[in-house]
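Quick note: the coordinates plus some simple rules give every number you see, no bench work behind them. This structure is a prediction, so every number in the text was calculated from the model and none was measured. Note that each Cβ is placed from the backbone with ideal geometry, even for glycine, and that neighbours are counted across all protein chains shown.
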Amino acid sequence: MIKVNWSKIKKFENKPFAFTTIGIELLIAVVMFIIGLATSVSIINYISALFLMFIVAFFVHIESRMIQIYMLLGVLDIFEILFTFTNVSKENSYSAFLVIAAILLTTVILSYIVQSYITENTKYAPTESSNSDLFKNKNAMFFVPHEDDEINVFGGVLEQFVKNGSSVRIVFLTNGDCYGIEKYRIIEALDVAKLYGIPKENIIFLGYSDTLAKNGIHI
């Protein structure tokens, strides 16, 4: 997990930068689609680009949702550009120019965001040694509304407690049945706890129904 100094990348989270970046990336996607129609690119290519973006989304773990959107849109653009470029007629120099310009613009946007996100200047100094006493040999109990909140809210803290030998318990208040997949969410919560090194007997499900669930029951 990358520990990010948010004060140094806050500019990527503000609305003007976000709307501009997303707008440019969506514009690139539209331009590529128009060029594709003009150069008889198969619709299968665009479906493939969307599919590849979804594959990337499954394996990408970035703490900033906004930066994740930038990156995924950029990935979609790059695949669309590549698929379009392979079908652009050599005689159609104007289309080729637009494709090359889109490649350069997308590359610049992605490299700028990624570079600013992972450089040493945006990382906090390591804190494990200085804070180890804070997490060492404690009894810690975490209360969360439903499954996945233990990661979203306490992920890094859970890791530090376990790493430093503390006894950790997680209490889930609801059974996560808002979307009718409570069985899977409970199984996933147990799997996550196992990955963290938290024993199964330390995971407590109070079993109350999600307030948004239809016909929710207590488990």
Report task. Report, by chain and number, residues whose modeled amide H sits under 5 Å from the one on residue 169, excluding near sequence neighbours (fewer than 5 apart, same chain). Result -> 140, 141, 142
Query - Residue-wise HN-Hα coupling along the stretch 165-175, computed from phi with Karplus coefficients 6.51, -1.76, 1.60 (Hz; x: Gly, Pro) - result: x, 7, 8, 10, 10, 10, 10, 9, 6, 10, 8
Query - Under-5 Å amide H pairs with residue 176, H placed in peptide plane, nonlocal only - result: 147, 210
Requested in this report: For the pairs 136/194; 136/200; 136/183; 163/200; 15/194, note any where the Cα-Cα span goes beyond 28 Å.
Outcome: 136/183; 15/194
Report summary line: Answer in debye to the nearest 20: the dipole magnitude of the stretch 132-203 about its Cα centre, from +1 Lys/Arg and -1 Asp/Glu charges placed on Cβ, is 320 debye
